[in-house]
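Working notes, structure below.
The values are calculated or read from the model by the stated rules, or taken from the named source; none is laboratory data. Since we're looking at a predicted model, the values are computed, not measured. All Cβ positions, even for glycine, are placed from backbone atoms using ideal geometry, and neighbour counts span all protein chains on display. Please note that ligands, DNA and RNA were not included when accessible areas were found on the heavy atoms of the full protein model with its side chains. Shrake-Rupley method; radii C 1.70, N 1.55, O 1.52, S 1.80 Å.
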Amino acid sequence: MTPSTGPGGRPGSAAWELLLPAASAPARGRGRALQAALRDAVRSGRLAQGTRLPSSRDLAADLGVSRGLVTEAYEQLTAEGYLRSGRGAGTWVGDAVRAAVPRTRDLAPRSPGALVDFVPGTPDLSLFPRSAWAAAQRGVLAELPHEDLGYPDPRGLPRLRTALAELLTRRRGVVADPERIVVVSGVAQASALLGGVLHARGVRAVGVEDPGSPQHCALYASAGVSAVPLPLDEEGLAVGPLRASGVRAVVTTPAHQFPTGIAYSARRRAELLDWARSVDGLVLEDDYDGDFRYDRAPVGALQGLDAEHVAYTGSVSKSLAPGLRLGWLLVPPSLMDEVVERKRTTDLGHPALDQAVFARFLERGDYDRQLRLCQRAYRERRDTLVAALAEHFPGARVSGIAAGLHAIAALPGRHGPEERFLADVAGAGVAVRPLTAYGHTGGGAGAGPGVRLVLGYAHLAPARIREGVRLMAGAARPGGR
């Protein structure tokens, strides 16, 4: 608001009510509180440019504080440019500040207004092990050497890299030398680091799976490397188009391709590595949910077959929480120095306390217990989704391996066309993504008369999954009704 003015053009006493909380602050901090309140009033426009302020004596009387306190506040804000004054002319709000209405927006990705949200990519955050994590934090704060709070090795704390090497060797079959592990804030930072290194080496294009994660295209584009969409077949990335494309680097999700849900066949894995060796190329392996396989033991990482031509990355985003921003990158020896230097100049290293807490969490077996908990929960939820689809959409087919946090559901042709189906279920309050949304070349895989959905289920309780499928079935209009 603009303050009301009293006699002589100065604001009336009522306008200074906004300063009363500062005036009633504890004596020791009252001066700083008064300065902050005046500063905020000018910034926000509540005290408009050109407003004449009361004399220090009058304002002190209005607020019930000492005149010296007000005089000091006026002098400080005049020095900073918020106020201006002239001998015998009083004190005024200056014109250096451009008032702005403060806004705090939440740009986190969500599906606003959805009753049931099947959009994939989020784990069940209620499964986060708060007690075990808090115990690890307390232990770390009690034992962490002072020097570990300094600037860390840009690769990460040796303790964490050692624990990660043991975990990844044991669970994912990688070749994990702690000296070649870089702790990152997630797959996104790993991709950005690799993209920057490739660009510096003159690489201007990288192959990506089509359909595939839209983030891969955006992340490499931010490093000045364009994405070349490459098609899939039933065994994985089609090698013929890969060879014909001329690229020498390709991003893959071989353990559980996103979004189609297939696992690369043994033959295709071998063919992909043969290609990389023949062109002295690089395979960028995104192992985003490799720990979650429900029908058998997970297939080991591609990197374990050729650590010279495969860069491997993963994170805790699906197993703990994406908000932790913790991940890892295993780098081929030929790229290590450049990746480490780029990590150093990007952020001077990952937060040391977070690294130490995660290292302790790994060492005490808490992470293995968390993985087992998630596997049980997510297997149950996938089974619930499959059963609900069979009940409410007779003839629906769930494709892809039993793994991960999402499933592909192909609905019978009578539920198409896709555009109408999506509009109907959105109107019923159900958020879904079609497989076509993940194609990089326009129509995407699965384009046609039917409907193929990418359904995320990990973040939904079984009852919510059943309710969501029921709502979808009630909203759908089969047969062109």
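Label Asp337 and Glu380 with points 7 Å out from Cα along Cα→Cβ: what is the distance between them in nm?
Here the answer is 5.3 nm between the modelled labels.
If I compute solvent accessible area with a 1.4 Å probe over the protein chains, what percent of it on the range 112-165 is carbon and sulfur?
Taking all protein chains in place, the range 112-165 shows 58 percent carbon and sulfur surface.
Sorting check: for 199-209, 24-34, which peptide has the highest mean count of neighbouring beta carbons within 10 Å, and how do the rest follow?
199-209, 24-34
Rounded to the nearest whole Å², what accessible area per residue is found for the chain with the 1.4 Å probe?
45 Å²
Can you classify the range 139-251 as rounded, prolate or oblate using the Cα gyration tensor, where a ≥ b ≥ c are the square roots of its eigenvalues, rounded means a/c under 1.5, and otherwise it's prolate if a/b beats b/c and oblate if not?
Because a/c hits 1.5 or more and a/b exceeds b/c, the range 139-251 counts as prolate.
How far apart, in nanometres, would the label points at Ala461 and Leu115 be if each is projected 7 angstrom from Cα along the Cα-to-Cβ direction?
1.7 nm
Could you tell me the center-to-center distance, by alpha carbons, between the range 207-259 and the range 406-429 in angstrom?
27 Å
Across the range 22-160, how large is the tail of the calculated P(r) beyond 26 Å, expressed as a percent of all Cα pairs?
That tail contains 58 percent of the Cα-Cα pairs.
Rounded, prolate or oblate: which one fits the range 264-375, using the alpha carbon gyration tensor with axes a ≥ b ≥ c (rounded when a/c is under 1.5, else prolate when a/b beats b/c, else oblate)?
Cα axes put the range 264-375 in the oblate bin.
Note the full-extension length gain between Ala244 and Ser131 as 0.36 nm times their separation in residues minus their Cα-Cα distance, in nm to one decimal.
Full-extension gain reported as 35.4 nm.
Mind checking Rg over Rh on the range 326-403, alpha carbons, Kirkwood formula for Rh?
My calculation puts Rg/Rh at 1.22.
Where the centroid of each part is defined by its Cα atoms, how far is the range 363-380 from the range 59-83 in Å?
Spelled out, the Cα-based centre of one part sits 59 Å from the other.
Take the Cα atoms of the chain, build their convex hull, and give its volume per residue in Å³.
Here the figure is 212 Å³ per residue.
Going toward the positive end of the dipole of the range 172-237, with +1 on Lys and Arg Cβ and -1 on Asp and Glu Cβ, which of Leu193, Pro229, Pro214 do you reach last?
The one lying farthest along the dipole's positive direction is Leu193.
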